[in-house]
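Below you'll find the structure, written out as structure tokens, and then a few comments.
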């Protein structure tokens, strides 16, 4: 089958994600919001703390409050960055 290489191919993300992948994506979003709220509750600047964690992968940037540190350690840095870029660019 010959493909027309002169046109950009469009991939529908919803079609590409299996139910398990969509569940993982939703989990990453929920964990990030939970960590953010936990950092705010403890009086930290959540943006600075999360950026510090993403850059260094040092979990001590994240509070233990509400199990936030354990939750964020479940995620890969790639998952966090992907979720942040999607949220920022797509406004979701």
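The values are calculated or read from the model by the stated rules, or taken from the named source; none is laboratory data. Just so we're clear, the structure is a prediction, and the values are computed from it rather than from any experiment. Ideal geometry is used to build each Cβ from the backbone, glycine not excepted, and the neighbour counts take in all protein chains shown.
Taking the range 71-84 as the range and being closer than 12 Å to residue 36 by Cβ and surrounded by fewer than 17 Cβ atoms within 10 Å (Cβ to Cβ) as the test, only 84 passes.
Results for (1) touching a helix residue (DSSP H, G or I) at 6+ places or on another chain (Cβ under 9 Å); (2) surrounded by 14 or more Cβ atoms within 10 Å (Cβ to Cβ), shown as yes or no for each residue.
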| residue | (1), (2) |
| --- | --- |
| 34 | yes, yes |
| 41 | yes, no |
| 50 | yes, yes |
| 54 | yes, yes |
| 63 | yes, yes |
| 69 | yes, yes |
| 86 | yes, yes |
| 90 | no, no |
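Considering the range 9-58, the qualifying helices (runs of 4 or more DSSP H), each wholly inside and each with 2 or more residues that are farther than 14 Å from residue 81 by Cβ and modelled with pLDDT of 95 or more, run over 19-41, 46-56.
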